[in-house]
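Single-structure report; data block below.
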Amino acid sequence: MMRAKIVCLDRNDPDEEQIKEAGEIILKGGLVAFPTETVYGLGGNALDPEASNKIYTAKGRPSDNPLIVHIASWEDLDKIVKEIPKKAHILGEKCWPGPLTMIFNKKDIVPKETTGGLDTVAVRFPSHPVARKLILASGGYIAAPSANISGRPSPTKAEHVIEDLANRIDMIIDSGETDIGLESTIVDFTSENPVILRPGFYSEEDIREIIGDIEVDRALIKNDSRVKPKAPGMKYRHYAPKGDLTVVEGERGEVIDEINRLIKEHSKQGQKTAVLCSDETKDRYMGAEVISLGSLLKEDEIAHHLFDVLRTLDSRKVEVIYSEAFYTQKIGEAIMNRLLKAAGHKVIDLKNKR
Ligand code: TXA
Ligand code: MG
């Protein structure tokens, strides 16, 4: 049963009446999924505890996993955070509006329901024109996690949102595919030194270039379940396809040979196998469903396709999946963070095998 009203909006010239209608739904405590430049978000009024509760229920999300508050002007930031450290200001000046989330100490006006019980609040100023207009039409503050059922890949198309949430929310705004396809970079400014909690379009190096020294949450570097990530959401299993996904790392030729060998073994057992690879290598696999994420020379494309491909695997009922690694120049960090999570950190490392 479909409950959500689906509305198509031109990203550069969205119909004002429909933006107004969507804003009113949010102001009245309802939920609207909307596009951003990273992934689709599931929006509710960030200052309304009941709306935040509804978001958790719709997603099936654990209530200790805080939401990001989306704003559409710098002035609106002052009303919800206690102080803006100088470096946060510098970083925001460069990267906002855009795929960056910053964490601050929150003011009382932001309910604990929105922040998963924390005294800090994550804030993002998105650049997508539909997101910006919707935020302004909704009173200035939209709490929005990615618009997927908890644990599934984040949505990069309205179809993904419909698949997951159509009967659980009030409206879905369809403005086509999102640009980047991976969630925002999160930087925490509430400890002494700024810390990256989640890699994204902006890499560690980009951020270091802008504000100098920066730490990276140890839980991101070490895959050690004893190290608790500082972003509560990063501890949950995420993005995993139903098939059994393993990442194979090593020299290109060796990776191809090993995956082809594994495909043969699985097909003997009658298992349906898929390979995630690049345009450069896609013709070298045999006997499996071969899915290219794009050219290694266009890392933006690989990032853009990743979540859609992970969802595709489910609909094709693939049982076993092998993926190449994508340590590309800039976004590689973020791509591999998501891919390794999807694989539950299952890796065949050919370099260290010898
Ligand atoms: O690109 C994005 O950031 C997308 C779009 C919709 O804006 N949103 C998104 O939200 O990815 P979500 O809820 O899927 O991920 C938010 C992450 C979670 O890992 C959460 O734990 C972390 O941000 N987070 C939120 N508030 C936090 C806080 N106060 N302290 C630490 N981590 C926080
Ligand atoms: Mg999410």
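Odds and ends about this structure:
- Centre separation in Å (Cα based) which lies between the stretch 318-342 and the stretch 37-103: 26
- Local net charge near P199, Cβ-Cβ under 10 Å (Lys/Arg +1, Asp/Glu -1): -2
- Remark on V216: its backbone amide H falls under 5 Å from those of I196, a criterion applied only to residues 5 or more positions apart or on other chains, H modelled at 1.01 Å from N.
- Karplus-derived 3J(HN,Hα) values for the stretch 119-134, using 6.51 cos²θ - 1.76 cosθ + 1.60 with θ = phi - 60°, are 8, 10, 9, 8, 10, 9, 10, x, 9, 4, x, 5, 4, 4, 5, 5 Hz; glycine and proline are entered as x.
- Long-range amide H partners of S323 with built H, under 5 Å: T246, V247, V248, L276
- Close amide H contacts of I186 (hydrogens built in the peptide plane, cut-off under 5 Å, sequence separation of 5 or more or a different chain): T101, L197, R198.
- For the chain, adding -39500 (n - 2.57) for each run of n ≥ 4 DSSP H residues and dividing by the number of residues yields -9000 deg cm²/dmol at 222 nm.
- Solvent-accessible surface ranking, highest first, for R261, R152, R132, R218 at 1.4 angstrom: R218, R261, R132, R152
- Over 31 Å (Cα to Cα) - which of K242/K268; K107/K346; K86/K230; K157/K341 fall in this group: K107/K346
- Overall, the chain carries a charge dipole of about 1260 debye about its Cα centre when +1 sits on the Cβ of Lys and Arg and -1 on the Cβ of Asp and Glu, all other atoms neutral.
- Taking 19 Å as the cut-off, the amide N atoms of the stretch 242-263 that come nearer than this to a point 7 Å along the Cα-to-beta-carbon line of E319 belong to 242-247, 259-263.
- Ranking by accessible area, most exposed first, for R252, R11, R124 with a 1.4 Å probe: R252, R11, R124
- Cα centre as origin, Lys/Arg/Asp/Glu Cβ charges: the stretch 163-219 dipole, Debye: 160
- Between the helical axis of 86-95 and the longest alpha-carbon principal axis of the chain there is an angle of about 70 degrees.
- Rounded accessible area of E205 (nearest 10 Å², 1.4 Å probe): 130
- Net lengthening on full extension, K228/T312 (0.36 nm per residue, minus Cα-Cα): 27.1 nm
- Stokes-Einstein diffusion of the stretch 144-298 at 20 °C, 1.002 mPa s viscosity, Kirkwood radius from Cα pairs, rounded to a whole number: 113 µm²/s.
The values are calculated or read from the model by the stated rules, or taken from the named source; none is laboratory data. This is a predicted model, so every value here is computed, not measured. Neighbour counts are summed over all protein chains in view; Cβ atoms, including those assigned to glycine, are modelled from backbone coordinates with ideal geometry. Accessible surface areas use protein heavy atoms only, side chains included; no ligands, DNA or RNA. Shrake-Rupley method; radii C 1.70, N 1.55, O 1.52, S 1.80 Å.
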